[in-house]
Amino acid sequence: MEIGMTKPRTTLTRRSVFRAGAGLAVAAMGTSLLTPVSAQAEGAGQAGAEPLNGDGFYRFKIGDFQATVISDGSGQIPIRPILAMNVSEAELAPVLKTNFMQPVIQITNNILVVDTGRERILVDSGFGEKLGPSFGSFPGLEANLRRAGIASESIDLVVTSHGHLDHIGGFVTKSGAVAFPKAQFVFVDTEWNYWTGSRFESEVNSSPMPDLFKKGTIGAARDSLPPVAARSRFVKQGGEITTGVNYIAAPGHSPSHATILFTSGKDQFIHMGDIAHNPVTSLQHPNWSPIFDYDPAQAIKSRKAILDRVATDRIMVMGYHFPFPAIGHVVRRDTAYRWEATQWIW
Ligand SMILES: [Zn+2]
């Protein structure tokens with residue numbers, strides 16, 4: 001097994017992401033690495049107009065809105081340093097033991113689709129084909145959308161939490177076609193300006209990310225944003241996206257990172273974007289910083305503000321990288337929080 005960096009490539013592959021673990025990759029990460037959920041589920045549950053939850057998607061309600069979480073696959077990452085760059089081995093070890101966790105964990109991308117009755121909205125788009133065929137490639141997301149009975153052409157709005165690789169990579173297929181051909185794309189204006197501007201490349205290159213993530217992040221901004229520019233709409237930070245759907249400012253993970261609030265009747269639901277990456281490292285230890293945070297101190301402030309709000313108001317939330325289906329509640333515990341995953345309903 002190769003460990004350590006060799007020639008970076010613009011397209012991240014199964015082995016290159018492995019190496020991006022910056023020497024922390026261990027032999028245990030072997031063959032199951034980056035096996036997409038879509039491949040595991042392939043061929044299952046084809047019959048019937050209303051396939052059961054569990055086949056790469058999960059349906060639930062937000063008031064009158066019909067919501068569906070679509071899996072964009074999964075992969076393995078080392079907790080240190082990727083999700084906890086400011087934590088020592090000695091600090092991490094007892095937390096892993098208490099939570100029955102391994103040093104290398106599975107991480108997922110979960111794509112949210114919400115039908116408001118007026119519009120069909122998709123939030124973030126996964127890696128697309130940016131990681132090659134092994135992690136949540138667009139055919140994987142597309143296959144899981146199809147299983148859920150959702151055609152790519154039926155998406156009216158693609159709403160973006162922030163401009164990172166794993167959130168915008170699915171905008172465009174390998175052949176360069178826009179993956180959601182009839183959709184309008186929505187961004188916080190300053191987030192779009194950053195990732196299409198002149199500063200991001202040198203700032204990504206001087207960040208603590210492993211080289212292959214730097215390449216992937218820069219490549220995704222260059223490849224995924226220009227093709228949707230002409231069909232994009234820009235919203236002020238914290239502004240209304242459409243009736244019942246609002247951005248909530250949560251900067252720090254990226255310059256103008258935002259969470260997304262859905263409101264239907266008395267029900268609220270918040271897509272937390274990347275203020276929290278994992279139930280243990282982010283909720284139990286909100287001061288632990290993932291290696292991807294643009295401004296770690298600001299990201300911690302935003303993380304705590306959102307977690308405090310959803311815990312206080314008992315708002316159901318989604319963690320984009322949480323274990324599928326990634327929906328549940330945040331509960332206050334001591335000076336931090338814990339995750340209460342939703343009860344699975346078949
Ligand atoms: Zn992310």
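From Cα pairs below 8 angstrom and at least 6 apart in sequence, can you work out the relative contact order of segment 61-341, rounded to a whole percent?
19 percent
Report the calculated FRET efficiency for E153 and Q102 (r = Cβ-Cβ distance, R0 = 35 Å), to the nearest 0.05.
0.30
If you average 1/r across every pair of different Cα atoms in segment 61-341 and take the reciprocal, what Kirkwood value do you get, in Å?
Evaluated over segment 61-341, this radius sits at 18.7 Å.
Fewest to most neighbouring Cβ within 10 Å: what's the order for I241, I300?
I300, I241
Estimate the FRET efficiency between Q66 and R233 by the formula 1/(1 + (r/R0)^6), using the beta-carbon distance for r and 25 Å for R0, to the nearest 0.05.
It comes to 0.60.
How large is the charge dipole for segment 50-94, taken about the Cα centre, if only the Cβ atoms of Lys, Arg (+1) and Asp, Glu (-1) carry charge, to the nearest 20 debye?
My answer is approximately 40 debye.
Among W195, W346, which comes first, second and so on when ranked by fewest other beta-carbon atoms within 10 Å? All intermediate terms of the calculation are to be shown ahead of the outcome.
Details: W195 27, W346 5.
The order, fewest Cβ neighbours first, is W346, W195.
Work through the residues other than W192 whose Cβ is under 12 Å from its Cβ and net out their charges, Lys, Arg +1 and Asp, Glu -1.
Local charge sum for W192: 0.
Using the count of nearby Cβ atoms within 10 Å as a rough guide to exposure, how do L157, L83 rank from fewest to most?
Numbers: L157 20, L83 24.
Fewest-to-most Cβ neighbours within 10 Å comes out as L157, L83.
Where does the charge balance sit around T160 when Lys and Arg score +1, Asp and Glu -1, over other residues with C-beta under 12 Å from its C-beta?
Values: positive: R233; negative: D124, D166, D189, E191, D274.
Residues close to T160 contribute a combined charge of -4.
Let me spell out the model: positive unit charges on the Cβ of Lys and Arg, negative unit charges on the Cβ of Asp and Glu, origin at the Cα centre of segment 61-341. What dipole size does that give, in debye rounded to 20?
Numbers: 26 positive and 27 negative charges, 47 e Å.
Taking the Cα centre of segment 61-341 as origin, the dipole is about 220 debye.
R332 to A90: extension gain in nm, 0.36 nm per residue of separation minus the Cα-Cα distance?
84.6 nm
In Å and on Cα atoms, what radius of gyration and Dmax does segment 223-287 show?
Every Cα atom of segment 223-287 included, Rg and Dmax give 14.3, 42 Å.
So if each residue of separation counts as 0.36 nm, and I subtract the Cα-Cα distance between Q343 and S207, what length gain in nm does that give?
45.1 nm
Nearest 20 debye, what's the magnitude of the dipole of segment 256-325 about its Cα centre given +1 on Lys and Arg Cβ and -1 on Asp and Glu Cβ?
About 180 debye.
By the scheme Lys and Arg +1, Asp and Glu -1, what is the net charge of all other residues having a beta-carbon under 10 Å from that of N205?
Around N205, the surrounding residues sum to -1.
Suppose R0 equals 25 Å; then what is the FRET efficiency for D189 and R309 from their Cβ-Cβ distance, rounded to the nearest 0.05?
Efficiency for this residue pair is about 0.60.
Could you work out the Kirkwood radius for segment 174-222, taking every pair of different alpha carbons, averaging 1/r and inverting it, reported in Å?
Kirkwood radius, segment 174-222: 12.5 Å.
Considering only N205, N278, P296, whose Cα is most displaced toward the positive end of the charge dipole of segment 61-341, charges sitting on Cβ of Lys, Arg (+1) and Asp, Glu (-1)?
With unit charges placed on the Cβ atoms, the residue in question is N278.
Throughout, read-outs are computed from the coordinates displayed, never taken from laboratory work. Everything numeric in this text was worked out from a predicted model, so none of it was measured. Cβ coordinates were reconstructed from backbone atoms using ideal geometry, including for glycine residues, and neighbour counts include every protein chain displayed.
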